[in-house]
Amino acid sequence: MSDTPTLSSTLDPLLTFLAYSLSRLESTFYKLPGSAVVTRYVKSSHQNDPGRTILELILVIFAIRTLLQSRTRGDKQGKHFIQFSEKEIDELVDEWTPESLVQPLNDWEQRDLSSVPVTTGPIGPKPKLLSNGKPVINLASFNFAGLAGNEQIKEKAIETLRKYGLGSCGPPGFYGTVDVHLDLERNIAEFLGTEASILYSQGFSTISSVIPAFCKRGDVIVADRSVNFAIQKGIQISRSTIRWYDHNDLKSLEDVLISIEKERKKRKGPLTRRFIITEGIFERDGEMVDLPKLIELKLKYKYRLILDESVSFGAVGRTGRGLTELYNVPAKQIDMLVGSVANGLCSAGGFCAGSSIVTEHQRINGTSFVFSASMPPLLATSASEAISHLRNTPSILAALHENIDTIRSVLDRTEGITVLGHRASPIIHFCLRNTQQHLTVAPPDHEAEERVLQDIVDDGLANGVLITRGKHLRGQEMTDSRPTIRIATTAALSRKDVEKAVGIVKASIARVLAKRR
């Protein structure tokens, strides 16, 4: 008992010192700017969740320890390193074989790559081959209205080049926008009959930026199974809930819309933003969507519609306004109308047309618009001139539609193939017919079919017609399409040239298939 006062008297100075030190530390802490905010946060955090205070304290200690410890842990004396002589180092370097970044091409891939023709000079309706200097009839390039090489457009582009140079190489929202870009946006909106439009400098990244600008995690996207690869990437980036419907089957679309609503009511889920995404004319096969029926479903089930008219804009309708003109549907009924300036106007980039709210939202949320350099001004001028040309010369679209009919009428009567797509589509696909009497190749063997189709392409090129197979990224796209040959129709060719070209293609088909019977 006598030791207790002695121990207490011994600890008193220590406790007094600790109390004094804590008091000084507290007073010093409260002199720091923002200390009261930190104190309130710690008190409220500890009161609501004491375990969190302990966790945060551990994290603070760990951070301090990390900052104070040495950043290099290597042994300076090199005790734990293997010592090599100069001879051994040279031998190891000689023996080292670096791994290839990609798998080497197989024989078919090498042949496919080497078969790509190289042209010289401008790409027009009759470019010249670099290998022999001979002109070929071009049914491979997207030059639907025949605007590539138009002299009036070329002169305007040169004037713009002399005035602005090649471009600022800056994003549109920073210092990349000039007056001709704004003029083109207004021209596109007026041409389509929408409130506004926004311009993107790359065609592929247009739709793949538009989709994630509006569709976020938790939203619902209903899309056609055969949408193009750019749409697939945009859907993937959005991280939304995806539901697919059968290719160009609006009955399947309605069934999916009904099932989504039933599931939501069953689990009593909240209403979310919902989108239908499809193409006007499908790049894969040339099929065309029934736009009036699509809008009817969109309004009935309260969905927003994102329509990609990259193929139909500048090619379908009396003046090239696309499906809205063909079906006499107001463009304002489509929430986001996406098109290609590269395909339809023979320039570069793409656009999204809609309400001013839709377009202005993309100026801060469209990744390609925000981070990519703006389109060179001369290309914006070229596109504006192309729109003016379509307005004032509707006869060029009439010539395009006549050429489409001419090509299809010949291919429809060609044995051994099946012609795909809508009759108004400027791109015409055909595949090998599923009959063993015409071909010894089994239809599911895509590589074998591609070899036969490539033989047809090569034979056509040897006889003066440039066509191409429909190319796909097999293994990366959602659906594996049947191999096809794709013909891109153009108004720049006369009826006589088109008849000659399709006659050569028909003869090439007959020759190649005859060898495989």
Given (1) within 19 Å of Ser310 (Cα to Cα); (2) out of contact with any His (no Cβ under 6 Å at 6 or more places or on another chain), where does Val370 come up short, assuming only one miss? (1)
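I'd like to know if the stretch 421-431 contains one or more residues that are open to solvent by 40 Å² or more (accessible area, probe 1.4 Å), touching a strand residue (DSSP E or B) at 6+ places or on another chain (Cβ under 8 Å) and outside the structural domain of Thr206 (by TED's automatic domain parsing).
Within the stretch 421-431, one or more residues are open to solvent by 40 Å² or more (accessible area, probe 1.4 Å), touching a strand residue (DSSP E or B) at 6+ places or on another chain (Cβ under 8 Å) and outside the structural domain of Thr206 (by TED's automatic domain parsing).
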Tell me, which residue of the stretch 329-345 that is outside any loop (DSSP other than H, G, I, E, B) and not small (Gly, Ala, Ser) is nearest to Ala488 (Cα to Cα)? Asn343
Take the stretch 361-373 and flag every residue that is open to solvent by 20 Å² or more (accessible area, probe 1.4 Å) and either assigned to a loop (DSSP other than H, G, I, E, B) or in contact with a Leu (Cβ under 7 Å, 6 or more places away or on another chain) (or both). Ser372, Ala373
For Asp12, are the conditions met, namely being more than 46 Å from the chain's Cα centre (by Cα) and at pLDDT below 75? no
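The rows are residues; the columns are (1) open to solvent by 20 Å² or more (accessible area, probe 1.4 Å); (2) outside the structural domain of Val227 (by TED's automatic domain parsing); (3) touching a Pro at 6+ places or on another chain (Cβ under 8 Å).
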position	(1), (2), (3)
Leu461	yes, yes, yes
Glu477	yes, yes, no
Ser481	yes, yes, no
Ile487	no, yes, no
Ala501	no, yes, no
Lys506	yes, yes, no
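Based on this model, can you work out whether Val136 counts as on the phi < 0 side of the Ramachandran plot and more than 35 Å from the chain's Cα centre (by Cα)?
Numbers: on the phi < 0 side of the Ramachandran plot: yes; more than 35 Å from the chain's Cα centre (by Cα): no.
No: the conditions fail for Val136.
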With respect to the numbered conditions (1) within 28 Å of Asn403 (Cα to Cα); (2) in contact with a Leu (Cβ under 6 Å, 6 or more places away or on another chain), which one is the sole condition not fulfilled by Asn328? (2)
Looking only at the stretch 88-116, filter to residues that are in a helix (DSSP H, G or I), in contact (Cβ under 8 Å) with a residue 40 or more places away in the chain and not basic (Lys, Arg); which one of those is most open to solvent (accessible area, probe 1.4 Å)? Asp112
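The values are calculated or read from the model by the stated rules, or taken from the named source; none is laboratory data. Please read these numbers as outputs of a predicted model, since none were measured by experiment. Virtual Cβ from ideal backbone geometry, glycine too; neighbours counted across all protein chains shown. Side chains are part of the model used for accessible areas, which takes the heavy atoms of the whole protein and leaves out ligands, DNA and RNA. Shrake-Rupley method; radii C 1.70, N 1.55, O 1.52, S 1.80 Å.
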